[in-house]
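The values are calculated or read from the model by the stated rules, or taken from the named source; none is laboratory data. Quick caveat, the model's predicted, so the values are computed rather than measured. No Cβ is skipped: glycine too gets one built from the backbone with ideal geometry, and neighbour counts run over all protein chains shown. Heads up: the accessible areas ignore ligands, DNA and RNA and are worked out on the full protein's heavy atoms, side chains in. Shrake-Rupley method; radii C 1.70, N 1.55, O 1.52, S 1.80 Å.
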Amino acid sequence: GKDPLEGQRHCCSVAQLHDHYSLGYPDLDELQKNPQPLIFDIEVLKVEEPGSYQQDPWAMTDEEKLQAVPLIHKEGNELYRQGKVQEAAAKYYDAIACLKNLQMKEQPGSPDWIELDQKITPLLLNYCQCKLQCEEYYEVLDHCSSILNKYEDNVKAYFKRGKAHAAVWNVAEARADFAKVLALDPSLRPVVSRELRSLEARLREKDSGACTGRCYTEGYSPLV
């Protein structure tokens with residue numbers, strides 16, 4: 001019967017010639033018989049400045065990961081300020097991935113593990129800000145809750161989680177988070193008051209028809 005592996009074998013050109021006396025293409029067979037100089041046309045797709053190339057996190061050494069994180073963080077902030085929210089989120093994600101990879105090599109709760117976790121937290125908060133802008137509220141809830149499980153006094157995590165709760169109509173939870181923000185930082189009362197007024201207005205609009213919400217509050221820096 002027919003060989004079940006027929007057509008699935010892969011080999012080099014020498015083995016191909018040995019088994020079949022052909023490379024499988026007439027022009028290559030001719031070139032094999034009569035070798036000659038070849039001219040290649042190369043199309044330049046992109047030119048990068050010296051030092052601008054950035055390795056993927058998986059290809060970096062531990063030292064390179066640590067050195068890259070502040071640069072990636074800065075790039076993410078700049079992209080966010082330019083309104084390129086999705087691209088900024090990708091940068092924060094890459095920086096978090098670098099640190100998470102390093103953190104996996106440490107004993108949970110050890111000084112080195114905690115130090116890395118404290119570097120991850122501001123990046124994760126910035127990532128959450130991007131997700132707020134993209135209206136991916138449940139991801140914000142998950143990440144902010146994970147931060148607050150470890151750092152109960154993180155004001156930005158309460159604030160972002162409060163906004164996410166408000167966006168998905170978890171009214172009691174939103175009010176509780178905004179109250180916690182005020183308890184931790186009374187200077188944010190004007191910002192929190194605007195958020196609560198916005199929530200109340202949306203609740204009234206909900207009773208009368210469709211409504212929309214905002215993910216950014218003027219007077220409060222969303223990034224870390």
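For the range 143-193, report the % of Cα-Cα distances exceeding 11 Å.
63
Residues whose amide H lies under 5 Å from that of VAL168, counting only those 5 or more places away or on a different chain, are absent; hydrogens are built 1.01 Å from N in the peptide plane.
Starting from 0.36 nm per residue, how many nanometres of slack lie between GLU139 and GLU106 once their C-alpha separation is accounted for? Spell out each step's value before the answer.
Working: separation 33, 0.36 × 33 = 11.88 nm, distance 2.61 nm.
Full extension from GLU139 to GLU106 adds 9.3 nm.
Tell me, what % of the accessible area of the range 64-104 is carbon and sulfur with a 1.4 angstrom probe?
56
In this label model, SER198 and GLU48 are separated by 3.8 nm, measuring between points 7 Å along each Cα→Cβ vector. With distances taken between every two different alpha-carbon atoms, the range 14-119 has a Kirkwood hydrodynamic radius of 18.4 Å.
Tally Lys/Arg at +1 and Asp/Glu at -1 over every other residue whose Cβ is under 12 Å from the Cβ of GLU87; what's the total? Here the charged neighbours net out to 0.
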